[in-house]
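Colleague: Let me begin by handing over the structure; questions about it come next.
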Amino acid sequence: MNATRHGYARSVAGQILVTGGTGYIGSHTVVALLEDGHDVVIVDDLSNSSERAVDAITSITGRRPVFVRADVCDAERLDAVFAAGPVDAVLHFAARKSVAESVRDPDGYERVNVGGLRTLVDTMQRHDVHRLVFSSSCTVYGEPDHVPVDEDAPLRAVNPYGETKLAGERLLGDVAAGGGWSVVLLRYFNPIGAHPSGAIGEDPHGIPDNLVPYVMQVAAGRLAHLSVYGGDYPTRDGTCIRDYLHVVDLAEGHLAALDALDRLGPGCRAFNLGTGVGTTVLEVVAAAERAVGHPIPHRVVGRRPGDAAAVWADPARAEAELGWRARRDIDTMCADHWRWQSSHPEGFTG
Ligand SMILES: NC(=O)c1ccc[n+]([C@@H]2O[C@H](COP(=O)([O-])OP(=O)(O)OC[C@H]3O[C@@H](n4cnc5c(N)ncnc54)[C@H](O)[C@@H]3O)[C@@H](O)[C@H]2O)c1
């Protein structure tokens with residue numbers, strides 16, 4: 001057993017399967033895994049990413065992960081991946097993630113996000129692999145009754161995407177209750193930023209859904225201005241508060257979860273990954289302006305239905321049990337996001 005950067009003995013020491021590993025969070029996590037000495041095989045159907053992420057990961061780390069283009073709903077292809085080499089553990093990122101799209105296509109979201117997970121779990125079962133880290137989301141808390149929100153808060157889905165994440169958590173809870181499985185559910189808050197090299201980052205197709213990618217495209221002159229939805233919330237400047245988290249901190253959270261799988265023993269456990277610090281929309285815009293060095297056109301408009309006023313994490317459980325804590329602040333997040341955005345104005349396809 002090797003010591004890890006988290007100070008715990010490493011309990012997993014072989015090939016890690018990363019589904020969705022060419023995507024935004026997956027690619028940063030693959031970098032962290034390779035730098036930590038793991039061997040990695042990525043399975044991704046490239047439905048929301050580019051194979052060029054594999055080259056970028058290689059240029060950052062000096063090591064090339066195995067890449068298999070496949071759909072996680074395809075049991076035969078998954079079987080072949082497990083048969084090709086021993087897989088010690090799986091990090092499951094592959095999913096569709098747009099709330100708006102999930103409202104238009106709930107069945108498609110169910111098929112990939114829940115059906116794909118079921119196919120993966122069945123395949124792992126057949127190959128005797130029982131260690132899994134699952135990408136969940138703070139969306140499973142809906143509009144929380146109080147903040148900061150901890151893992152014991154009531155779970156409720158407020159849109160079809162959220163329903164798929166809740167269904168995934170429940171599926172894995174049932175699987176672990178059957179015995180022999182170690183599962184960690186990571187409930188991410190709002191990941192932003194990019195690897196400090198600027199070589200990988202979020203590559204949204206079309207007009208971004210999320211605040212920071214949108215702000216950065218306004219900063220780059222690709223979009224005219226930002227609409228800030230609601231200036232009359234009961235917050236310090238009237239705009240919504242969220243818990244923004246650097247994607248590299250998030251990637252490190254996966255390493256900590258992987259290290260913890262055996263130490264924590266069989267079962268299914270949920271952890272918030274957030275900073276514990278809430279930032280308003282206007283504070284994000286100000287940080288982005290500091291990063292880009294010029295004003296970013298924005299105007300406050302009416303509220304958008306369904307937006308909670310303030311959501312931020314209580315990350316104490318992750319610190320106590322995973323030995324993980326977010327370290328990077330909002331200025332670092334925006335500076336790193338901008339480095340990626342300004343060097344890849346069209347993402348990987350440019
Ligand atoms: N980005 C966020 O704000 C956020 C917040 C909370 C949770 N999450 C979850 O984290 C995970 C990763 O999110 P991300 O932001 O990196 O998204 P992303 O879209 O950048 O990455 C997801 C990857 O999965 C791949 N994929 C999608 N469907 C697939 C399929 N059927 N088979 C194989 N590959 C498939 C995509 O091509 C993409 O590379 C998702 O499960 C998402 O729901 C994301």
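The values are calculated or read from the model by the stated rules, or taken from the named source; none is laboratory data. Computed from a predicted model, the values in this text were never measured in an experiment. Ideal geometry is used to build each Cβ from the backbone, glycine not excepted, and the neighbour counts take in all protein chains shown.
Colleague: Being modelled with pLDDT of 95 or more and aliphatic (A, V, I, L, M) is the requirement here; does residue 100 meet it?
Modeller: Criteria not met by residue 100.
Colleague: Could you list, in sequence order, all residues of the stretch 178-217 that are polar (S, T, N, Q), touching a helix residue (DSSP H, G or I) at 6+ places or on another chain (Cβ under 6 Å) and crowded, with 20+ Cβ neighbours inside 10 Å?
Modeller: Start the filter on the stretch 178-217 by keeping residues that are polar (S, T, N, Q), which leaves 182, 190, 197, 210, 217.
Those still in the list that are touching a helix residue (DSSP H, G or I) at 6+ places or on another chain (Cβ under 6 Å) too: 182, 197.
Passing the criteria: only 182.
Colleague: Now for a separate question. In the stretch 251-274, which residue that is among the hydrophobic types (A, V, I, L, M, F, W, C) and assigned to a strand (DSSP E or B) is farthest from residue 149 (Cα to Cα)?
Modeller: Only one residue tops the list, namely 268.
Colleague: Residue under question is residue 253, and the condition is that it be in contact (Cβ under 8 Å) with a residue 24 or more places away in the chain and among the small types (Gly, Ala, Ser); does it hold?
Modeller: yes
Colleague: Hey, could you check the stretch 243-264 for residues that are over 25 Å from residue 279 (Cα atoms) and among the charged types (D, E, K, R) and say which is surrounded by the most Cβ atoms within 10 Å (Cβ to Cβ)?
Modeller: Going through the qualifying residues, I end up with 259.
Colleague: Ok, one more. Could you check the stretch 176-233 and list, in sequence order, the residues that are touching a Ser or Thr at 6+ places or on another chain (Cβ under 8 Å), under 28 Å from residue 103 (Cβ atoms) and more than 16 Å from the ligand (Cβ to nearest atom)?
Modeller: 228, 230, 231, 233
Colleague: I want to confirm something. Restricting to the stretch 289-348 and keeping residues that are among the aromatic types (Phe, Trp, Tyr) and more than 17 Å from the chain's Cα centre (by Cα), which single residue is farthest from residue 239 (Cα to Cα)? Before you say what the answer is, go through the steps one by one.
Modeller: So the first thing to find is which residues in the stretch 289-348 are among the aromatic types (Phe, Trp, Tyr), and the list is 312, 324, 338, 340, 348.
If we keep only those that are more than 17 Å from the chain's Cα centre (by Cα) as well, we get 338, 340, 348.
Values: 338: 23, 340: 27, 348: 32 Å.
Here the answer is 348.
Colleague: Being hydrophobic (A, V, I, L, M, F, W, C) and either within 13 Å of the ligand (Cβ to nearest atom) or more than 19 Å from residue 77 (Cβ to Cβ) (or both) is the filter here; which residues of the stretch 110-131 pass it?
Modeller: Across the stretch 110-131, the qualifying residues are 112, 114, 117, 120.
Colleague: Is there a residue being within 13 Å of the ligand (Cβ to nearest atom) and of a type in the set (Lys, Arg) anywhere in the stretch 69-78?
Modeller: Within the stretch 69-78, one or more residues are within 13 Å of the ligand (Cβ to nearest atom) and of a type in the set (Lys, Arg).
Colleague: So is residue 18 of a type outside the set (Asp, Glu), away from the ligand (no atom under 12 Å from the Cβ), within 30 Å of residue 159 (Cα to Cα) and touching a residue at least 40 places away in the same chain (Cβ under 8 Å) or not?
Modeller: no
Colleague: Sticking with this structure for a sec: Please work out which residue is nearest to residue 115 (Cα to Cα), limiting yourself to the stretch 38-66 and to residues that are in contact with an Asp or Glu (Cβ under 7 Å, 6 or more places away or on another chain) and within 13 Å of the ligand (Cβ to nearest atom).
Modeller: Only one residue tops the list, namely 45.
Colleague: Can you tell me how many residues in the stretch 68-93 are touching a helix residue (DSSP H, G or I) at 6+ places or on another chain (Cβ under 7 Å) and either surrounded by 21 or more Cβ atoms within 10 Å (Cβ to Cβ) or over 26 Å from residue 137 (Cβ atoms) (or both)?
Modeller: Matching residues across the stretch 68-93 total 9.
Colleague: Conditions first: (1) in a helix (DSSP H, G or I); (2) aliphatic (A, V, I, L, M); (3) closer than 25 Å to residue 226 by Cβ. Residue 158 passes all but one, so which condition is the exception?
Modeller: (1)
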